[in-house]
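The next block holds one structure in the form of structure tokens; read it before the comments.
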Amino acid sequence: MATERSLPYRLRLPGPTAVPDRVREALARPVVSHRGPEFREIVTEATALSRRVLGTSNEVLFFTSSGTGVMEASLVNVLGDKGKALVLSNGQFGERFLAIAEHLGLHADTIEVPWGETVGVEAVAARLEGGDYRAVVAVHNESSTGAVADLADLGAVVRDTPAVLIVDSISGLGGIEMRQDDWGVDVVVSASQKALMCPPGLGLASVSNKAWNVIEGHGGAASFYWDFRKAREAAAKGQTAFTTPVSLVVALREALRMIHQEGLPEVLARHRRLAGALRRGGAALGLPIFTKAPLISDTVTVFATPDGLDGAAVVRHLYERYGTVIAGARNRLKGKVLRIGTMGWCSEDDIREDLLYLEKTLEDLGWPVERGAGVAAADETLRQA
Ligand SMILES: *Cc1c(COP(=O)(O)O)cnc(C)c1O
């Protein structure tokens, strides 16, 4: 049983996500020294398996941290205290990058577009011509809206400029494609609790040579804990600079083994198939997709709640009556969206159950639905895919 409640507990958030049994068992293994040979072997394998998901040959740095910590780390390391960032903002996490910069007194300009859309690369190219930016900062998978950035296009624009491309792929990595080296993404930050199928608490950063040159060319990070240079020195010895959350690295290694056993292309295809089925099923229940960007997320599905239906009431009822935990919004979209994770340890039956409980919830709340329409539409998609 997942909780003390007698109801089932279905964790269907866009993070944290459900943790597979294999990973939970890995978490129970004995804690070993983070400076010893046993851990070195674990982190070496976790690094190699992470690289394949990232599409990189970079050193991968691990931190005891939620995602926001490594977002902050990417800014303080690349910008130093004088560099200027161009932040592409199309949702809650773009705004968070701006808030971090503002809080730390770092220079940041922004290109802002309405939530649900993505920033066009032409606008980025134009701004890079005029300004001396040390970093362009983007969110790969904007979890608040379901918009996905076209990183291949963005990388092509930033690649031949002095700027470093920093990308938050916290809710993307492991669920949607990332080809860091091919696309020219200089810094990828991510975290354990989304498509990587682990509990919260482990942050990671993958840093390109171009980014290292920038980091080494200025006065250094205005932070002790987050200094990437210290992290790299430790990583070369199979360690982290400070005490490692050893159990979480063991868990990540297990989750990555699962991903590669299924096959990374197969894992990405599964995410695509499940997200497509959930979108179709939701549409059949009268829930349109909120996202307007050309690339729509396969790791989080964001429905717009129709006028007259309170999204917060749907979220509450799904939990209280059906033990199903999905997300609404804690920002300007409060009450207006329903967000369901389709990332990580997620199956066709999870999607069918989501749609069944969603239908029942709408019915319980007096909203008109055609019984069975959601699951039937999802099934049709799943059969074709
Ligand atoms: C979850 C998430 C984060 C990080 O949030 P934390 O709560 O700090 O782990 C950052 N960016 C995106 C896009 C996310 O989905």
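Per-residue ellipticity at 222 nm from helix content only, as computed over the chain with -39500 (n - 2.57) for each DSSP H run of at least four residues, stands at -14000 deg cm²/dmol.
Take every Cα pair under 8 Å in region 265-385 that's 6+ residues apart, average their separations, divide by the length, and report that relative contact order as a whole percent.
Details: 180 pairs, mean separation 40.2, N = 121.
Across region 265-385, relative contact order equals 33 percent.
The trypsin sites (Lys or Arg not before Pro) of region 150-251 meeting both criteria, a DSSP state outside H, G, I, E and B (loop) and at most 16 other C-beta atoms within 10 angstrom of the site's C-beta, are ARG159, ARG179, LYS237. Contact order, relative form, for the chain: 23 percent (alpha carbon pairs under 8 Å, 6 or more residues apart, mean separation divided by residue count).
The simple spin-label model puts a point 7 Å past each Cα toward its Cβ; for SER57 and GLU129 those points are separated by 3.5 nm. Hydrophobic long helices, here whole DSSP H runs in the chain with Kyte-Doolittle means of at least 0.0 and Cα atoms spread over 15 Å or more along the helix axis, are found at 67-79, 92-104, 246-262. Prolate is the label for region 235-295, because a/c, from the alpha-carbon gyration tensor with a ≥ b ≥ c as root eigenvalues, is 1.5 or above and a/b exceeds b/c. Take each peptide in 255-262, 365-372, 378-385, count the other Cβ atoms within 10 Å of every residue, and average; sorted highest first, the result is 255-262, 378-385, 365-372. For GLY83, neighbours were defined as the other residues whose beta-carbon sits under 10 Å from its Cβ, and their charges (Lys and Arg +1, Asp and Glu -1) total +1.
If you plug the beta carbon distance of GLU348 and THR44 into 1/(1 + (r/R0)^6) with R0 = 22 Å, you get a FRET efficiency near 0.05.
With springs only between Cα atoms under 10 Å, which of PRO245, PRO20, PRO30 fluctuates most in a Gaussian network model of the chain? Of PRO245, PRO20, PRO30, the most mobile in the Gaussian network model is PRO30. Computed across region 210-266, the Kirkwood hydrodynamic radius from all distinct Cα-Cα pairs reaches 13.8 Å. By the beta-carbon count within 10 Å of each Cβ, the least crowded to most crowded order of CYS346, CYS198, fewest first, is CYS346, CYS198.
For trypsin sites (Lys or Arg not before Pro), the sites in region 50-92 that DSSP calls loop and that have at most 14 other Cβ atoms within 10 Å are LYS82.
Can you bin region 167-314 into rounded, prolate or oblate? Criterion: square roots of the alpha carbon gyration tensor eigenvalues sorted a ≥ b ≥ c, rounded for a/c under 1.5, prolate for a/b above b/c, oblate for the rest.
It is prolate, given that a/c is not under 1.5 and a/b is the larger ratio.
Full extension of the chain between GLN384 and ALA28 yields a length gain of 124.2 nm, computed as 0.36 nm times the residue separation minus the alpha carbon distance. Distance between the 7 Å Cα→Cβ label points at ASP310 and ALA156: 4.8 nm. Any of LYS194/LYS237; LYS194/LYS334; LYS194/LYS230; LYS210/LYS292; LYS84/LYS237 with alpha carbons more than 24 Å apart? Name them for me. Over 24 Å apart, Cα to Cα: LYS194/LYS237; LYS194/LYS230; LYS210/LYS292; LYS84/LYS237. Highest mobility in the GNM of the chain, judged by mean-square fluctuation with C-alpha springs under 10 Å and restricted to VAL164, VAL315, VAL148, is found for VAL315.
We did not get these values from a lab; they are worked out from the coordinates using the rules stated. Note that the coordinates shown come from a computational prediction; the quantities given were computed from them, not determined experimentally. Glycine also receives a Cβ, built like all others from the backbone with ideal geometry; neighbour counts cover every protein chain displayed.
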